[in-house]
Amino acid sequence: MLERIMTDNGFPSPVAESGGCRVFQFHSESGEGIMTQYDLFPGVYLMYNDFHMESYDSVFRTTEDMLCIDYCRQGRMEYPAGPDTYSYVEAGDLKLDRRLEHQGHFTFPLSHYHGITIGFTLPLAAQSLKEWVREFPVDLVRLQEKFCAGRHPRVIHGAPSVDHIFQELYAVPEQIKLPYFRIKVLELLLYLDALELDGRTEKPYFYKSQVEKVKAAHRLLTEDLERHYTIAELSARFSIPATALKECFKSVYGQPVGTYMRNLRMDRAALLLRQEPQTSVAEIAGRVGYDSASKFAAVFREAKGKTPLEYRREGR
C-alpha cells in the first residue's frame, strides 16, 4: 500500500511547491514515483511522470469534467480497457480519458514508466484558453467527445509527429519553461483536433484471466534463469493457448517471450560480470541458462556490442 498524505480528491499532498510548480512523491514496497506539475492556464496543467515501481494503488477521484492526455516516453502501463479487460500503453502512445476510471491498481510491467500528462478541467480550461488566445479554433468539449465518448481511455498508437511534440518538452531552458509549455499545449490541441481517427487507435485488449496467467508464467520464467521453458510447456502449465500466451505476453511486456528472456539473461550476466570479477565467464553463463560458454559469449556480444571479457574490463 502506498504511504502518502492525501488531499480531498485523493491526490497526494505535494512534497515541494514553488511558483506554480508542485512535486508529488509516491512510495510503495516496489519502489517510488515522482510527479512534477506545472500550472499553465486556469484549469490547465502539465505534469512529468517518473515511476520506478511495479505498481501503485490510486485513490484519485474527481468531481470535475476532465480531459487528460498521457504521453508514454519510456516503459509500459497497464490500464482497464473495459470490464475485466486490460490493455497497455507503450512508448510513443497517447492515452486520452476523462479520469472516470482512475482509481484502483495500476501496473507497470517493466517496473518503470516515464511520460507527460496534460490535464484540462472543463469548462474552466475552455474559458481560459479563449481569454489567452483570441479566436483559438479548438473546442475542448468537442475534442473530449471525439476521443473520450465513453468511460474508458482511448489510446492512439503510432500517430505521426506525437514524439516530436512531446520530446521537445524534455529539453527546455528553465527561464522559458512556462511560456514554452503553453505554446506546446496549444500545438498539441491543434494537432489532435485535426487528427483523423483510424486503426491506430485500436489497441488489443486481454481478459483479466489471460493477463493473470501470463504474469504467472513471467514469474516462473524469471525466478530461475538457469531453467528454460518452451511455449508449449508454459501453455500446458498455465492452461492458456500458445497463441494467446504469445500475444498477451508481448502486449504486457513489450517483447516476444524469447526476446524478453534473452535480453533479461544478458542484462543479468552483464551485472554479474561487473559485480563478481573473480567469477569465470563459464560459471556466469551457466547461471543465466547457457551450458556453452562460447554460445553465451556470442549472444552477449550481439546484445551488448562487446565480448564478456571486454565488458568486464571496461567496467573496472
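The values are calculated or read from the model by the stated rules, or taken from the named source; none is laboratory data. Remember, it's a predicted structure, so these values are computed and weren't measured experimentally. When we count neighbours, we look across all protein chains shown, and the Cβ atoms used for this are built from the backbone with ideal geometry, even at glycine. To get the accessible areas, we keep the full protein, side chains included, count just its heavy atoms, and leave off ligands, DNA and RNA. Shrake-Rupley method; radii C 1.70, N 1.55, O 1.52, S 1.80 Å.
Within region 298-316, the residues that satisfy the criterion of being closer than 16 Å to Gln278 by Cβ and either under 32 Å from the mean Cα position of the chain (by Cα) or of a type in the set (Val, Ile, Thr) (or both) are Pro308, Tyr311, Arg312, Gly315.
When the residues of region 55-101 are narrowed to those that are within 15 Å of Cys148 (Cβ to Cβ) and open to solvent by 30 Å² or more (accessible area, probe 1.4 Å), which ends up modelled with the lowest pLDDT? Among them, the one singled out is Glu101.
Taken over region 270-294, residues that are without any contact (Cβ under 8 Å) to a residue 12 or more places away in the chain and in a loop (DSSP other than H, G, I, E, B) amount to 6. Scanning for something in contact with a helix residue (DSSP H, G or I) (Cβ under 9 Å, 6 or more places away or on another chain), in a loop (DSSP other than H, G, I, E, B), open to solvent by less than 70 Å² (accessible area, probe 1.4 Å) and at negative phi, does region 216-228 turn up at least one residue? Checking region 216-228: at least one residue is in contact with a helix residue (DSSP H, G or I) (Cβ under 9 Å, 6 or more places away or on another chain), in a loop (DSSP other than H, G, I, E, B), open to solvent by less than 70 Å² (accessible area, probe 1.4 Å) and at negative phi. Annotation note: of Ala303, Ala297, the sole residue that is of a type outside the set (Val, Ile, Thr), surrounded by 12 or more Cβ atoms within 10 Å (Cβ to Cβ), in contact (Cβ under 8 Å) with a residue 24 or more places away in the chain and part of a helix (DSSP H, G or I) is Ala303. From the list Ile156, Ile231, Ile240, the lone residue that is modelled with pLDDT of 95 or more, surrounded by 18 or more Cβ atoms within 10 Å (Cβ to Cβ) and among the hydrophobic types (A, V, I, L, M, F, W, C) is Ile240. Set side by side, the residues Asp193, Asp267, Asp163 differ, and just one is open to solvent by 60 Å² or more (accessible area, probe 1.4 Å), touching a residue at least 24 places away in the same chain (Cβ under 8 Å) and part of a helix (DSSP H, G or I), which is Asp163.
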